[in-house]
1. Has the stretch A:15-31 got at least one residue that is outside the structural domain of residue A:244 (by TED's automatic domain parsing), farther than 30 Å from residue A:227 by Cα, surrounded by 12 or more Cβ atoms within 10 Å (Cβ to Cβ) and in contact (Cβ under 8 Å) with a residue 24 or more places away in the chain?
2. Do we have residue A:297 as at pLDDT 85 or above and within 30 Å of residue B:72 (Cβ to Cβ) here?
3. Just give me the residues in the stretch B:68-89 being modelled with pLDDT of 90 or more, in a helix (DSSP H, G or I) and more than 9 Å from chain A (Cβ to nearest Cβ), in sequence order.
4. Name every residue in the stretch A:108-118 that is outside any loop (DSSP other than H, G, I, E, B) and within 39 Å of the chain's Cα centre (by Cα), in order of residue number.
5. Can you name the number of the only condition in (1) part of a helix (DSSP H, G or I); (2) closer than 23 Å to residue B:180 by Cα that residue B:96 fails?
6. So residue A:121 ticks every box in (1) surrounded by fewer than 14 Cβ atoms within 10 Å (Cβ to Cβ); (2) in a strand (DSSP E or B) but one. Which box is left unticked?
7. Which of the helices (runs of 4 or more DSSP H) contained wholly in the stretch A:205-323 include at least 3 residues that are away from chain B (no Cβ under 14 Å) and either touching a residue at least 24 places away in the same chain (Cβ under 8 Å) or buried (at least 21 other Cβ atoms within 10 Å of the Cβ) (or both)?
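The values are calculated or read from the model by the stated rules, or taken from the named source; none is laboratory data. Model, not experiment: these values are computed from the prediction. Note that we place each Cβ from the backbone using ideal geometry, even for glycine, and neighbour counts take in every protein chain shown.
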């Protein structure tokens, strides 16, 4: 075991240095900046698009000049009370009634020159409101406007009179709620999954170098294949840690300068923040090792880049299934889905990390980490066995290894 | 009668075997699918010897070496390397140069050597120190800090060879070590192998170039068709074939042919024939008595090349017959 570990460390060291000490690594490390840039650019573009669409939409009220004046004052007050300075439904345009109100209403809704979402006609006592499909809220807003206007008139007060002056303040909840704990769990699963899929999936092609430059022959003659596989995974994990440390540091700096009201108070693991972060780190290591070992084992069988690319798809889909199961577990703690996800080795790291957010018991985590470590060993051993059988053409086949033999009559 | 427990017997046997036979194999068989590459190879390599595994392409040399090193397991048969039935247990005492050379192109030469030493249990710092010295001694000191991708094929091959020797192994296994090297580097490699033998290491190498084997091997095995067809010293291989004589008579008389062995053939004014079993003395006397005289006479032993060709040709004929 000691030899296996020391051999694995030699290979890990070589792999780590071969990647980290190259300019390409800098590109890899800074790649998320590119992703962030794309996200920001598309976000700004989307916001402009949405704003442009919103600005061109409007609601129309067909009313006499006197009614329009009252309604306009009432609408200003109503909008500011309901939505503040910004947001809310489209603006309201007032038009004078034509000879045929019904035809006018239909014409306004279908007019290409304007984008009316709802049109209110008739009298204020009996308003007739027509709206486009999916724009019921706008219709209800116009109805409320008519109602408020009539109420003011009935009470004999000027339009928009305010009887109550509220003082509204924001209060952060200090006691974590169940939903906040679940959100913490789900968020952790998402972050872990993103990091794992981005970093562990690189293991798929890592043995291709040794196969193409024939170094695998030297490695196979010098150290056990299990040490080669484990070393490769440790090397990649080291690279992943540099990546996580860099971006984690930047994120911590970002969080440090964010105001308290930025919504970070929703991070509320029941097990306690320091223990939860430590556990999430351990589970990330296990998730990386487990899924990385699958990627490595399957990728080692491939002999060309095309085969590697083709093999990546089913593994990625498998990973997505694990993500889906773990998200379901995070959303339904204690359910049978959660139990399954916590026990199934390849979803266990994600599901157990989510469990840490909603359940304070510590001992299941110790058990789970031991269970996952066992499966890391099993997966690496299987990967090495299949490599020995499939690539080096040595040893017994997978069926024979499992004690299954096919007999031919 | 006092008897040792069974395990202790075996242990003593393995220890004594390791002492004088660092490599021992019996009945190794290996198939790849339906193709039987090695069909029962047995080897016994004496300690401190340079042992050549000779054979034509596809004879099963590489597969045999890979089985001995534990890279692949035999389907049948036993092997014992430095006293261990599991080669993995003694991998730190073994150096290996594979047939298909493998180095990381982005590594520096000294790092590549130190890395190979580290894989065999050598400390990195010590590996670097030894790498510098070994590169200097091999005339490659200037390339120590150069990347492998910038070295020529021959230089990279030497770097890999130095990497496989850097941890001073007790057993050195070289698969076709001379292929791809120019004559100067081939001579350098021969000197390196002899120096390792002088250090006390046992060297096992495969080749199909007879010149190297004839010059440096203490013992050889000739493998053909997946089986060992000859095992012994180079001289023993050469004595398998009768000696050849070349005779030039003083007279140009064709009647001289009647006195010579049946296989005699005339090449210009000389005759070439196999020396009779009893020796050439009687024949020489007869020729002189008959008045043909001796203008020239040379008797030569066949080379390893001739013995190899004869053995391999016989195997090929045997196989062709079996197929027919």
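1. Checked against the condition, which is being outside the structural domain of residue A:244 (by TED's automatic domain parsing), farther than 30 Å from residue A:227 by Cα, surrounded by 12 or more Cβ atoms within 10 Å (Cβ to Cβ) and in contact (Cβ under 8 Å) with a residue 24 or more places away in the chain, the stretch A:15-31 yields no hits at all.
2. Judged against the criteria, residue A:297 is a match.
3. B:68 - this is the single residue of the stretch B:68-89 that is modelled with pLDDT of 90 or more, in a helix (DSSP H, G or I) and more than 9 Å from chain A (Cβ to nearest Cβ).
4. A:115, A:116, A:117, A:118
5. With (1) part of a helix (DSSP H, G or I); (2) closer than 23 Å to residue B:180 by Cα applied to residue B:96, the lone miss is (1).
6. With respect to (1) surrounded by fewer than 14 Cβ atoms within 10 Å (Cβ to Cβ); (2) in a strand (DSSP E or B), residue A:121 is out only on (1).
7. Working: elements: A:206-212, A:215-222, A:225-257, A:273-301.
The helices (runs of 4 or more DSSP H) meeting that bar are A:225-257, A:273-301.
Table: residues versus (1) modelled with pLDDT of 90 or more; (2) under 21 Å from residue A:286 (Cβ atoms); (3) within 14 Å of chain B (Cβ to nearest Cβ); (4) in a helix (DSSP H, G or I).
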position: A:351; (1), (2), (3), (4): yes, yes, no, yes
position: A:371; (1), (2), (3), (4): yes, yes, no, yes
position: A:374; (1), (2), (3), (4): yes, yes, no, yes
position: A:380; (1), (2), (3), (4): yes, yes, no, yes
position: A:399; (1), (2), (3), (4): no, no, no, yes
position: A:408; (1), (2), (3), (4): no, no, no, no
